[in-house]
Each structure stands twice: as C-alpha cells, then as structure tokens.
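Laboratory data are not the source of any read-out in this text; all were calculated from the coordinates shown. Please read all numbers here as calculations on a predicted model, not as lab measurements. Positions of Cβ are backbone-derived with ideal geometry, glycine not excepted, and every protein chain shown enters the neighbour counts.
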Amino acid sequence: MNEPTKKERSTWTEEVEIAGSDLVNTVKDLIEEGNVRRLIIKNQDGDSLMEIPLSAGVAIGGALVVLTPVLAALGALAALLARVTIVIVRDQPDQEDENHDE
C-alpha cells in the first residue's frame, strides 16, 4: 500500500545585521511574528554563536516564556558584541494554504 506523502514546508532565509544592543528586542519581535523556524546568531567574522530552533505552532506567549533563559543569554552576548548578524529561517506559506484562507 502507498503511504500518504507528508507535506513538506518550504523555507526561506534572510540575514539582518544589527547592533549588539538591539539583539534581544529584535529576537523578541521575530519570535512574535510566528513564522520563524530558526534563528542563527553570527559574529562579525561569520562564526555561528547561537542557534535558536523555534517550533512551528507554538503559542506566541508560551514561546516567550519558554525562551526567557535564551533571551537572557542573548543579552549577555549582546553586551560583548558591537555588531551581529541574525540569519532568519522562515516558513514559506504554501499556495494551497493561502487558497484555504480566502
């Protein structure tokens, strides 16, 4: 028998360079958007300092509570860095999903 194929979500990435002092607020804003799957924090040399996986479908308020220790660590990291790059991995909405919303 054929197994039903699992829908794969496509993703896309973008990179944003910000001042270290803006890191925590920027990450909070990105988490609240809801379509972010993963955040990767890189230093000026492009070395990955921290990866933050975010579950799709986690309630926004719940995500911020669960990630409070991560945000505290980001604050400490931000104090040491002048500039950081955030790589943002987002869910790409499916055409089928968009049609169902209408």
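At a glance:
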read-out: Neighbourhood net charge (10 Å Cβ-Cβ; Lys/Arg +1, Asp/Glu -1) for Ile40; value: 0
read-out: Cα→Cβ-extended label distance, 7 Å offset, between Thr13 and Ala79, nm; value: 3.0
read-out: Contour excess over end-to-end distance, with Cα ends at Val87 and Asn43 and 0.36 nm allotted per residue; value: 14.7 nm
